[in-house]
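To start, the structure under review is shown below, and the notes come after it.
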Amino acid sequence: MTGEAPVPFTLIRAGPVSERKAYPLRLGSDVMTAMQRWADEDLRSLNAQIEYVLREALRGNRRLGKSTETSDRSTPSMPDNDS
């Protein structure tokens, strides 16, 4: 053992990274604060958290095509709070 701390998890990409496009987004300060807090809890950047929430909403409403869903960035799924 070298005394190095173990890595808690490893991100594995599910496929090629899709093309990314910049888009200016205006959010209310309450939404921005809540998203930042959530991002901090999930150890994500604010941008990654916003993309994650949008992607989950699209997936939940079946608005993403199959090819987009399979090439999704590696992020853990959202827990179901319906139980």
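The values are calculated or read from the model by the stated rules, or taken from the named source; none is laboratory data. Because the structure is a prediction, the values reported are computed rather than measured. Cβ coordinates were reconstructed from backbone atoms using ideal geometry, including for glycine residues, and neighbour counts include every protein chain displayed. Note: areas computed on protein heavy atoms with side chains; ligands, DNA, RNA excluded. Shrake-Rupley method; radii C 1.70, N 1.55, O 1.52, S 1.80 Å.
Here are the numbers for this structure:
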item	result
Residue match in region 46-60 (condition: modelled with pLDDT of 95 or more, over 14 Å from the mean Cα position of the chain (by Cα), part of a helix (DSSP H, G or I) and hydrophobic (A, V, I, L, M, F, W, C))	no
Meets criteria (in a helix (DSSP H, G or I), at pLDDT 90 or above and surrounded by 12 or more Cβ atoms within 10 Å (Cβ to Cβ)) for ASP40	yes
Test for ASP30: is it charged (D, E, K, R), open to solvent by less than 100 Å² (accessible area, probe 1.4 Å) and assigned to a helix (DSSP H, G or I)	no
